[in-house]
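The values are calculated or read from the model by the stated rules, or taken from the named source; none is laboratory data. None of these values were measured; they are calculated from a predicted model. Reconstructed Cβ throughout: ideal geometry from the backbone, glycine too, with neighbour counts over all protein chains shown.
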Amino acid sequence: MERAVSLYTFVKGVPSVSVPFDGPAGGVVARVHRSWRSIPSHQTRADENLQGLKSPSRVRIGALKIGIFGGTGDLGGGLALRLSRRNDVFVGSRDAGRAKSVARELTQMVNASAFMAAGEIEGATNVEVVEGCEMVAFAVPADTLEGFLESAKEFPWKGQIVLSPVTRFEKAGGTFAYRPFSLGGRPISAAELVQETLGEKVRVVSGLHCVPAARLKDLADPMGFDVPLAGPRDSAAVVAQVLEGIEGLRPLFAGPLAVSASLEALTPLLLNIAVRNKLKEPGFRVVG
Ligand SMILES: NC(=O)c1ccc[n+]([C@@H]2O[C@H](COP(=O)([O-])OP(=O)(O)OC[C@H]3O[C@@H](n4cnc5c(N)ncnc54)[C@H](OP(=O)(O)O)[C@@H]3O)[C@@H](O)[C@H]2O)c1
């Protein structure tokens, strides 16, 4: 498998990022370009649509097929909407009918808004998401993660990048507290649990924990959030590139996957601050 994006260091100006993916045709099947000037000969339908819709100075060329487990839910739905600006998105579900119905609703939301989406939103079962997508987000409830991973182990993974926004916390005595998972008697973050369970068939990147679903779903919301990412640098760079396609999100590299527990623990911290300071749907931003 090609080792891609090794030169991408979260510094502006690097011309392109390629996503290694052993798809049905084998080898690299997707290429994300950082500059609108370098229009590739194999440009996608999404690229063509974007060129017609936006002024070139605002357009970055490139699109992936991105699937979302739990795409029928709050975070998954919001993410599907925003990602469709550049990418074809597959709303994943345990139920094919629910997936298609939610995909139709989300498409109607896009069509009824001023949001310009170059990609399509379609419904798929979770297995179909793995069969057809180059990147997969795990937008399933934290308390179902361990059980879901048991079935996800059997899915036909091909080296995809997996984005884990999962964070588990509990409320005790009026205070939210982070609750890690456990593996072999040691505490472990959600993202590390996904990586350990699925093994080398996936490359897990942790992120998006502090982006409220409601803010993603409101397509007129400018957001303005930072999104710290933890994981292997090359995989995190690809996720960063994808998230940069969402206006109002700034990806920041936080470190290897071992940092994920700190990222996941930001959510209960933010909730404690929100409750005590009467903040509605707050997000995370680094000043410096
Ligand atoms: N909500 C937020 O604002 C937010 C923000 C940042 C991060 N997150 C994280 O994102 C994840 C999803 O949160 P959410 O609020 O979007 O969850 P949610 O709306 O409660 O559920 C998402 C979807 O997960 C699927 N699901 C439910 N039980 C499942 C199971 N046992 N196995 C497999 N799939 C199951 C369902 O889809 P189907 O029934 O169609 O399969 C459901 O629509 C959580 O881990 C959370 O920590 C949430």
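Pick out the one residue from 76, 123 that is in a strand (DSSP E or B) and either over 15 Å from the mean Cα position of the chain (by Cα) or closer than 21 Å to residue 198 by Cα (or both). Before you say what the answer is, go through the steps one by one.
Details: 76 fails: in a strand (DSSP E or B).
From the options 76, 123, the qualifying one is 123.
Among the residues of segment 225-260, write down those that are under 21 Å from residue 213 (Cβ atoms) and in a helix (DSSP H, G or I). Before the answer, list the steps.
Restricting attention to segment 225-260, the residues satisfying the condition of being under 21 Å from residue 213 (Cβ atoms) are 225-230, 239-240, 242-252, 260.
Result: 239, 240, 242, 243, 244, 260.
Within segment 105-123, how many residues are within 14 Å of the ligand (Cβ to nearest atom) and surrounded by fewer than 20 Cβ atoms within 10 Å (Cβ to Cβ)?
Number of matching residues: 1.
Pick out the one residue from 169, 138 that is buried (at least 22 other Cβ atoms within 10 Å of the Cβ) and of a type in the set (Phe, Trp, Tyr). Break it down into steps so the answer makes sense when it comes.
Numbers: 169 fails: buried (at least 22 other Cβ atoms within 10 Å of the Cβ).
Selected residue: 138, the only one of 169, 138 that is buried (at least 22 other Cβ atoms within 10 Å of the Cβ) and of a type in the set (Phe, Trp, Tyr).
Looking for something over 19 Å from residue 66 (Cβ atoms), away from the ligand (no atom under 16 Å from the Cβ), surrounded by fewer than 24 Cβ atoms within 10 Å (Cβ to Cβ) and of a type in the set (Gly, Ala, Ser) - is there at least one such residue anywhere in segment 201-219?
The answer is no, given that none of the residues of segment 201-219 is over 19 Å from residue 66 (Cβ atoms), away from the ligand (no atom under 16 Å from the Cβ), surrounded by fewer than 24 Cβ atoms within 10 Å (Cβ to Cβ) and of a type in the set (Gly, Ala, Ser).
Looking at 85, 104 in this structure, which one is out of contact with any Ser or Thr (no Cβ under 7 Å at 6 or more places or on another chain), assigned to a loop (DSSP other than H, G, I, E, B) and not hydroxyl-bearing (Ser, Thr, Tyr)?
It is 85.
So in segment 56-71, with the set limited to residues that are modelled with pLDDT of 60 or more and not in a loop (DSSP other than H, G, I, E, B), which one is nearest to the ligand (Cβ to nearest atom)?
Residue satisfying both the conditions and the ranking: 69.
Could you list, in sequence order, the residues of segment 144-154 that are under 19 Å from the mean Cα position of the chain (by Cα) and either more than 8 Å from the ligand (Cβ to nearest atom) or of a type outside the set (Ser, Thr, Tyr) (or both)? It would help to see each step written out before you state the result.
At the first step, the residues of segment 144-154 found to be under 19 Å from the mean Cα position of the chain (by Cα) are 144-145, 148-149, 152.
Scanning segment 144-154 gives 145, 148, 149, 152.
List the residue pairs whose Cβ atoms are under 9 Å apart, where the first residue sits in segment 194-215 and is over 20 Å from residue 152 (Cα atoms) and charged (D, E, K, R), the second is assigned to a helix (DSSP H, G or I) and within 14 Å of the ligand (Cβ to nearest atom), and the two are 6 or more positions apart or on different chains.
215/78
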